[in-house]
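Have a look at the structure below before the remarks.
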Amino acid sequence: MSKPTAGGPAYLLRGVAPLGGEPTDLLLADGVIAAVGPGAAAQAPAGTVTIDGAGLVALPGLVDLHTHLREPGREDAETVWSGTRAAALGGYTSVHAMANTSPVADTAGVVEQVWRLGNDAGWVDVHPVGAVSVGLGGTQLAELGAMAHSAAQVRVFSDDGKCVHDPVLMRRALEYVKAFDGVIAQHSQEPLLTAGAQMHEGVVSAEVGLAGWPAVAEEAIIARDVLLAEHVGSRLHVQHLSTAGSVEIIRWAKARGIDVTAEATPHHLLLTDELARTYDPVYKVNPPLRTAEDVEALRAGLADGTIDIVGTDHAPHTREDKDCEWAAAAFGMTGLETALSIVATTMVATGRMSWADVARVMSSTPARIGRTDAGPRAQGRPLEVGEPANVTLVDPATRWVVDPAAQATASRNSPYGGRELTGRVVATFLRGRATVLDGTTVPSRDAVPAGPAR
């Protein structure tokens, strides 16, 4: 592939397969998809960069509804610059940044700061998620309206990392966001049932001697919240489903007509609690890795549409916070640079999903849930003439081994080190501008990475 020039060239993608279908040509020019089909080359302006896309799948740019960028406050673990660069390498053109920063993103000022940092970095669109409660304290509603009407135009609100466990506060939040078509994204964890918990409660936890985290602690909150959402007629999004019972509750709620959506993470689609036998804290995550039966239920739920999207829950941590004994280690795993490959490995290569399905669960549906699917900066749009040129090219045949030390994220707590995965992103375009070519990021300006290199 040719490298772009400073002028921001048009790109002609020759012989790519949109959504895994028949090969064709795509012309990306002036920020949009300018032409599709055999006549695209004839419309290419002077200076167009031609990319041989034979064998590559073209997808709409990926959208992550669940990313931790850590800035402000924990730039030792991640910055908006490093995290969004990792996102671009993973095929993303848009991420939603969780609110559990320091200070917490519970005011218009903080969400605007994150939004501007994302614009300055230029790798992907950054949409801040606003906190539901002040300081994630779970007792007082945050400035939901002010964040919604700020420059960041927040539409997703979450106390992720903590559960909105007070049902009265949860009801009020669900009622409040209806005024501006917002959604509450819930981290479903009953705190009294998980006090001191370290991993999934089951056979493995009993054998290794780590405090168990029962599935019912997740399922009870989900059951309560879908009923609250039905009662007030509001939108609810359930984050990181991890149990078979949770999938069944979501399936029941949707059959009842409740306006609920749900996500699964890549790690819950692949890894099980058996890994806790190593006592390696890289496998410590919230919610915890569950059983093989739960993994199968999540895969089935994603395949049949019960689970709407894949969210990475990219959670970077410093070595100091993860390279220690299990009980003292932080919960969380990185995931932006491996998410698409894990979905390709677990769902596409196994025949359970098509590439069109991948586009649905990793692009169009998360954009719709986050209300970023309209306007000149719209995400998750189809690969059609006139649509914003947010495009990801994937080599579905590539098999590669994950090396955490080689990743762009500032942290190294990937649970996939040494694993072979199928499918890899080779190029990403944000409104027609290449952010990744040949698997390498292409800076849009003379940006200097903030925070430490790890």
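The values are calculated or read from the model by the stated rules, or taken from the named source; none is laboratory data. Treat the numbers as computed from the prediction; the structure is a model and nothing was measured. We place every Cβ from the backbone using ideal geometry, glycine too, and count neighbours over all the protein chains shown. Side chains are part of the model used for accessible areas, which takes the heavy atoms of the whole protein and leaves out ligands, DNA and RNA. Shrake-Rupley method; radii C 1.70, N 1.55, O 1.52, S 1.80 Å.
Values as computed for the structure displayed
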{"quantity": "Within the stretch 225-249, tally of residues that are in a helix (DSSP H, G or I), touching a helix residue (DSSP H, G or I) at 6+ places or on another chain (Cβ under 6 Å) and not hydrophobic (A, V, I, L, M, F, W, C)", "calculated": "2"}
{"quantity": "Qualifying positions in the stretch 250-266 - surrounded by fewer than 18 Cβ atoms within 10 Å (Cβ to Cβ), touching a helix residue (DSSP H, G or I) at 6+ places or on another chain (Cβ under 9 Å) and among the hydrophobic types (A, V, I, L, M, F, W, C)", "calculated": "Trp252"}
{"quantity": "Filter result (open to solvent by 30 Å² or more (accessible area, probe 1.4 Å) and part of a helix (DSSP H, G or I)) within the stretch 305-327", "calculated": "Arg319, Glu320, Asp321, Ala327"}
{"quantity": "Test: residue in the stretch 52-60 that is farther than 30 Å from Met98 by Cβ, in a loop (DSSP other than H, G, I, E, B) and in contact with a Ser or Thr (Cβ under 8 Å, 6 or more places away or on another chain)", "calculated": "no"}
{"quantity": "Residue list for the stretch 202-218, restricted to those being under 19 Å from Lys162 (Cα atoms) and either free of Cβ contacts under 8 Å to residues at least 12 places away in the same chain or open to solvent by 20 Å² or more (accessible area, probe 1.4 Å) (or both)", "calculated": "Ala211, Gly212, Ala215, Val216"}
{"quantity": "Residue selected from the stretch 108-149 under the condition open to solvent by less than 40 Å² (accessible area, probe 1.4 Å) and β-branched (Val, Ile, Thr), by the criterion farthest from Gly161 (Cα to Cα)", "calculated": "Val124"}
{"quantity": "Cβ-Cβ under 7 Å pairs, at least 6 apart or on other chains, the stretch 29-56 side free of Cβ contacts under 8 Å to residues at least 40 places away in the same chain, far side surrounded by 13 or more Cβ atoms within 10 Å (Cβ to Cβ) and of a type in the set (Val, Ile, Thr)", "calculated": "Gly37/Thr24"}
{"quantity": "Number of positions in the stretch 268-278 that are crowded, with 24+ Cβ neighbours inside 10 Å and under 20 Å from Asp64 (Cβ atoms)", "calculated": "1"}
{"quantity": "Of all residues making up the stretch 156-191, the number that are under 24 Å from Pro287 (Cα atoms), open to solvent by 50 Å² or more (accessible area, probe 1.4 Å) and in a loop (DSSP other than H, G, I, E, B)", "calculated": "3"}
{"quantity": "Within the stretch 50-81, considering residues that are open to solvent by 10 Å² or more (accessible area, probe 1.4 Å) and either modelled with pLDDT under 95 or small (Gly, Ala, Ser) (or both), the one farthest from Leu236 (Cα to Cα)", "calculated": "Ala54"}
